[in-house]
1. Sorted by average packing, counted as other Cβ atoms within 10 angstrom per residue and highest first, what order do 172-181, 252-261 take?
2. So if a site counts as exposed when it's one of the GluC sites (Glu not before Pro), its DSSP state isn't H, G, I, E or B, and it has at most 10 other Cβ atoms within 10 Å, what's the longest stretch of the chain without one?
3. Given the rule -39500 (n - 2.57) for each run of at least 4 DSSP H residues, summed and divided by the residues of the chain, what is its mean residue ellipticity at 222 nm, to the nearest 500 deg cm²/dmol?
4. Can you return the lysines within cross-link range of LYS144? Criterion is Cα-Cα under 27 Å, with same-chain partners fewer than 8 residues away left out.
5. Take the Cβ-Cβ distance between HIS156 and GLU279 as r, set R0 to 51 Å, and report the resulting FRET efficiency rounded to the nearest 0.05.
6. Please go through segment 97-179 and write out the trypsin sites (Lys or Arg not before Pro) that DSSP classes as loop and that have at most 12 other C-beta atoms within 10 Å.
7. When only DSSP loop residues count, what trypsin sites (Lys or Arg not before Pro) in segment 225-289 have their Cβ near at most 13 other Cβ atoms within 10 Å?
8. In straight Cα distance, which aspartates and glutamates are under 20 Å from LYS77, not counting same-chain residues fewer than 8 positions off?
Amino acid sequence: MQDTPRGNRPHIVFVGPGNVGKSSLINAIADQEVSLVSEILGTTTDPVSKAMELPPLGPVLLVDTAGLDDEGALGEKRIKRTKEVLEKADLAVVITDNPKSRNQGLIKLLEEQNTPYIEVLNKGDLFVKKPLPEDLIVVSAKTKAGIETLKDAIVHKVPKEPRTTTIVGDLLNAGDLVLLVVPLDQQAPKGRLILPQVQTIRDLLDHNCQALIVKDSELAPTLNKLKEAPQLVITDSQIFREVAKDLSPNTPLTSFSILFARYKGDLQLLAKGASVIDELAPGDRVLICEACTHRPLEEDIGRVKIPALLQERAGGKLELTWSVGEDFPEDLSQFKLAVHCGGCMITRKTMLQRIYRLHNAGVPVVNYGVLLAYFSGIMPRALEPVLKNASHFPS
């Protein structure tokens with residue numbers, strides 16, 4: 001359970017004014033000291049997260065936040081950070097310690113974001129003999145009263161995904177052979193595979209498919225040994241062109257990044273964004289979004305390879321801006337194009353919010369896999385295994 005990536009866990013964010021007991025409630029739910037508890041206002045500064053198992057929901061992430069009534073310049077930054085975290089919340093637990101003090105402004109914000117929420121009255125032991133609103137869940141972090149009721153409410157309120165919850169398994173039949181082409185270059189972590197590859201392999205096994213993993217240098221010899229072609233080949237997007245040369249034109253081919261574009265985002269919008277690539281001109285502003293922080297390597301895909309491809313196609317230098325980790329620009333209208341990574345480290349909700357914010361600002365967006373398929377000249381082929389109308393998109 002502890003190995004479940006944070007990006008695959010529902011994010012449950014505890015929010016409210018200072019000193020209402022947000023940290024104490026998280027500690028009570030987790031049954032351990034996760035967040036520092038103090039009567040001093042402003043004890044919680046940056047959001048604090050705790051990964052745990054919440055049966056029968058499964059792995060979740062509990063997030064403690066700074067009080068929304070924090071004051072001063074630092075307080076404003078803390079509140080801004082809290083609101084940024086709320087954008088990623090699958091569920092908000094809105095806490096008060098006074099039944100007459102309901103944060104309607106916060107509720108309005110959550111409703112505008114389409115974020116489900118639960119309203120909780122903490123310190124319920126102080127209101128035992130008083131009538132309370134029926135829509136409040138009454139708990140006491142001090143006595144643990146109502147904690148199990150709150151857990152049940154969280155389990156039932158976390159949205160159930162209306163989409164497929166698989167990366168690739170729903171596209172295949174049990175027993176299908178899937179060939180995964182994994183280059184072991186300097187960007188591959190020593191001694192292990194990168195997260196999208198690991199998650200894809202697990203998804204294939206969960207759907208009773210056969211997963212055969214080879215290095216790119218061993219692809220041709222492996223194909224010669226097979227009695228029949230694999231039902232699907234999944235490759236790293238950076239070697240699309242090389243892999244396609246070794247395959248029969250009839251063998252379905254896609255990439256880990258394109259599968260994650262469907263799993264975490266809106267593949268239709270990401271595919272449409274590719275049509276703007278040929279319209280880029282020197283001086284245009286391009287946003288490159290990396291969901292995780294890492295040390296850029298010599299041939300880093302987001303810092304070196306993609307910028308080089310875009311600037312060569314544009315015929316000159318572009319104005320490039322990188323957003324890394326949880327940072328994301330507020331003013332998006334300045335960009336001609338946005339290019340996002342696969343998003344394996346962030347939640348689907350976060351990825352979709354970014355895509356739709358860009359779309360609403362009139363900024364086309366692609367992800368790494370879609371862009372590299374476009375530059376390789378095989379975009380319709382790479383999309384065909386996962387999109388019915390793949391032929392509508394440019395090659």
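1. On the way: 172-181: 17.8, 252-261: 26.5.
So the peptides 172-181, 252-261, ranked by packing, come out 252-261, 172-181.
2. Details: sites that count: GLU39, GLU134, GLU228, GLU298, GLU330.
Result, exposed sites excluded: 40-133.
3. On the way: 13 runs with 120 residues, N = 395.
Taking each H run of at least 4 residues, the total per residue is -8500 deg cm²/dmol.
4. Reachable lysines: LYS22, LYS50, LYS100, LYS123, LYS129, LYS130, LYS157.
5. On the way: r = 48 Å, r/R0 = 0.93.
About 0.60, to the nearest 0.05.
6. Details: sites: LYS100, ARG102, LYS108, LYS123, LYS129, LYS142, LYS144, LYS151, LYS157, LYS160, ARG163; in loops: LYS100, ARG102, LYS123, LYS129, LYS142, LYS144, LYS160, ARG163.
Those that pass, being in a loop and sparsely packed, are LYS100, LYS129, LYS144, LYS160, ARG163.
7. Values: sites: LYS225, LYS227, ARG241, LYS245, ARG262, LYS264, LYS272, ARG285; in loops: LYS227.
The qualifying sites are LYS227.
8. Cα-Cα hits under 20 Å: ASP46, ASP64, ASP69, GLU87, GLU326, ASP327, GLU330, ASP331.
Here, each number is a calculation from the coordinates, and none is a lab measurement. The model shown is predicted, which means the values in this text are computed figures rather than measured ones. We place every Cβ from the backbone using ideal geometry, glycine too, and count neighbours over all the protein chains shown.
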